[in-house]
1. Which of the residues belonging to segment 129-152 are under 20 Å from residue 391 (Cβ atoms) and either modelled with pLDDT under 90 or open to solvent by 20 Å² or more (accessible area, probe 1.4 Å) (or both)?
2. Hey, can you tell me all the residues within segment 51-107 that are at pLDDT 75 or above and of a type in the set (Ser, Thr, Tyr)?
3. Six or more apart or on different chains, Cβ under 7 Å: which pairs go from a residue in segment 377-395 that's over 14 Å from residue 154 (Cα atoms) and open to solvent by 30 Å² or more (accessible area, probe 1.4 Å) to one that's acidic (Asp, Glu) and part of a loop (DSSP other than H, G, I, E, B)? Could you list them?
4. Return yes or no: is residue 358 in a helix (DSSP H, G or I) and either over 19 Å from the mean Cα position of the chain (by Cα) or within 23 Å of residue 229 (Cα to Cα) (or both)?
5. Residue by residue through segment 415-440, note down the ones that are of a type in the set (Gly, Ala, Ser), at pLDDT 90 or above and open to solvent by 10 Å² or more (accessible area, probe 1.4 Å).
6. Please verify whether segment 115-125 includes one or more residues that are modelled with pLDDT under 85, on the phi > 0 side of the Ramachandran plot and over 22 Å from the mean Cα position of the chain (by Cα).
7. Being assigned to a helix (DSSP H, G or I), more than 25 Å from residue 243 (Cβ to Cβ) and open to solvent by 10 Å² or more (accessible area, probe 1.4 Å), is that true of even one residue in segment 115-127?
8. Going by the structure shown, is residue 305 aliphatic (A, V, I, L, M) and either under 16 Å from the mean Cα position of the chain (by Cα) or over 25 Å from residue 145 (Cβ atoms) (or both)?
Amino acid sequence: MPHAFLSPDSVTMVLLLLLGVYLTVRLRLFRISALPFILRNTVGSLFVRDKSAGGAITPFQAVMTALAGTMGVGNIAGVATALVAGGPGAILWMWVSAFFGMATKYAEIALAVRFRVRGADGMLRGGPMYYMSDKKHGLKSKWLAAVFCAACVLCSFGVGNMTQVNSVSQAALQAFSIPAWVTGILTALVLSLVIFGGVRRIARTAEIIIPFISVLYICFAAAFLWISREYVPMALRLIFESAAGPAQAVGGAAGYGVAGAVRYGLSRGVFTNEAGLGSAPIAHASADCESPAHQGAWGVFEVFADTIFVCTVTALVILTAGGGTLWQSGIDGAALTSAAFESVFGPLGRGFIAAAIALFAVPSMLGWCFYGESALSWLTGGDAAAVKCYRAAFVAVSVYGAVAGMGAVWAAADLLNALMALPNIAAIFLLRKHISTRFK
């Protein structure tokens, strides 16, 4: 399927990778040189609540809202689909995507904070649409901002809604035999309770749920890997050999194995950490922070925590399950991750993954609802009625997403990612002079 590499999503993945390489060089490998700064201003400030700037939410709430949008189904179901479609080598390309994506995410968050504005209600607002349309130092391009916002609204329904609830319904059906339509209705009810409470309720919800389920998932996965530790070296070797081993470098179908690993690794990497997509900067722009560099440091932390750490743990669980053979069983998506945990923990593992997916997915959907309504608000000049209609539509789409076919849902997610990322890629590159290389 060579033509697949000329598709919009594949072209976008290549452009994102090139942008990440460029920014990494431009910022002089800042992740290494500024490591003390990043640690001090992320992990070292987790319990600091400085509200002196008078913004909408705290820096910690901002990163939890952003992580709610990133650390979701992609970490559980997305990794599984990458393994099945691109082979174990796709994981190495997820790492590559994350390494260079750190610079991209730092850049877009720094720009969002640099160009944010304070609304008439006193709330801080920002994101790609603001640095694209800024008439003084930005791109002065309202049409590009409008294209981004329209794509963001569409993306919130696909990437931020249907992929999430679809994985929840799969896991619930497998673990508890709950019909997909029932999962869809229950999810819609939960969303309704939070979404209509505004950004502060979304941020508070994410602040509570994301740290809790992330730590619990890591502990569960760590226990799994300890039990299956004899297969871990084999899994790591398989990742590297499948990505660029001699057998895969030969032409024909084996050659496509490498190409498939690259394509699916990069696309699922972007799906999980959203570096360059332009979504997370919308949340980060609402935070009370000292400077663009301080909030940008959280972006580096996000990508590392999401892709380098959590996605790797999930990949190792899948690749070691069943003595290293389960990933080739024909199971895909959330069902594969669920089957992997079940192979060691039995029904408890299956039930835990179903619960984990739900607890990851709901905050992720809430975060994306915030992104979508922020984009729509910019498009409509803050029309309250339009935002209310959007929220109602977002809740309704979750019911459809629960019963839709998985293949169609993920294909739509890849395409919508591309439509949203392309304007942002152009904007970041054109505004590169505003991305500070000083971290203090």
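1. 150
2. 81, 97, 104, 106
3. none
4. no
5. 426
6. Yes.
7. The answer is no; no qualifying residue exists.
8. Yes.
The values are calculated or read from the model by the stated rules, or taken from the named source; none is laboratory data. Just so you know, these numbers come straight off a predicted model, no measurement behind them. Cβ: placed from backbone, ideal geometry, glycine included. Neighbour counts: every protein chain shown. Accessible surface areas use protein heavy atoms only, side chains included; no ligands, DNA or RNA. Shrake-Rupley method; radii C 1.70, N 1.55, O 1.52, S 1.80 Å.
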